[in-house]
Amino acid sequence: MTFSRLLLRNFFYHWRGNLAVFLGIVLGSAVLTGALLVGDSLRGSLRALTLDQLGWVEEAMVPGRFFRTHLAKEIPAGHSSPVLLLQGSSSRRNEKGDAERVGKVTVFGVDASFWPQHDSPEATDFWSSEEREVVLNRTLADALKANVGDTVTLHLQKADKVPREALMGNRKAEDVTEAIPLKVRLILPDEGMARFTLKPTPEPVRNAFVPIRLLQKRLDLAGRANA
């Protein structure tokens, strides 16, 4: 009896065990292949989301303190923009008069240079003005249940040389926060610079955009930016 014939007879004699092993191998291969495909697809989706959230920005300077806005023009870059990048919250009074408040709001004080060329949601005149209006992205507008023409309030921390946590720092909320009521001028879909963030995340971000000169005036930061 040849070796190949012995192997064949052994295969048919133990067909139940061999079939179980074969099916186990097939199932394991399918699971591993599916996991690799899903992982690759997820990685690609996250990469595309990150690039969309960063927009045209390739590098950012966020030193943790304020500097001259003209510094942006002095940096040797093809495209640069000074920004007042602030964290705060937002609120809106509903029909019953109750305040609907939303936290984790990123407020951008920007000028026209923040937006890609030929793709600004508003005219240059608005972004260089002190108009008491705000542009929201869809995520924040939905969280506030706000529509164009509604009034929302941005709650931002005032710039203070003495931190609130320090012994001589101000402790009262009204002394350290600035409430800025603004009219909703426009609501942007959640794509491109409307969902801009320097910390890319799959979670929807809540962004509010206002003219930088308005924020500088209200927070006593004339000619200053922090990003």
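Summary of values
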read-out	value
Compactness of region 70-147 - radius of gyration and Dmax, Cα, Å	15.4, 53
Nearest-0.05 FRET efficiency for Leu32 and Ala99, computed from C-beta distance (R0 45 Å)	0.30
0 to 90° range, to nearest 10: angle between helix 15-54 axis and the chain longest Cα axis	20
Efficiency of FRET from Cβ geometry, Phe3 and Ile25, R₀ 22 Å, rounded to 0.05	0.40
Unit charges on C-beta of K, R, D, E only; dipole of the chain, Debye	880
Å² of accessible area per residue within region 104-154, as computed with a 1.4 Å probe and no ligands counted	46
Computed Kirkwood radius, in angstrom, where 1/r is averaged over Cα pairs of the chain	21.2
Degrees separating the helix 3-13 axis from the principal Cα axis of the chain, which is the longest one	70
Region 24-155 shape via C-alpha gyration tensor axes, a/c threshold 1.5	oblate
Residue pairs, from the table Lys73/Lys104; Lys145/Lys217; Lys104/Lys158; Lys104/Lys199; Lys158/Lys217, whose Cα atoms sit over 23 Å apart	Lys73/Lys104; Lys145/Lys217
Area accessible to solvent at Leu23, 1.4 Å probe radius, in Å²	100
Region 70-161, accessible surface, carbon-and-sulfur percent (1.4 angstrom probe)	46
Relative contact order (%) - criterion: Cα under 8 Å, at least six apart; region: the chain	28
For region 65-79, Karplus couplings with θ = phi - 60° (6.51, -1.76, 1.60), whole Hz, Gly/Pro x	8, 8, 9, 5, 5, 5, 4, 4, 6, 8, 6, x, 9, x, 8
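The values are calculated or read from the model by the stated rules, or taken from the named source; none is laboratory data. Note that this is a predicted model, so its numbers are computed, not measured. Cβ: placed from backbone, ideal geometry, glycine included. Neighbour counts: every protein chain shown. Ligands, DNA and RNA are excluded from the accessible area calculation, which covers all protein heavy atoms including side chains. Shrake-Rupley method; radii C 1.70, N 1.55, O 1.52, S 1.80 Å.
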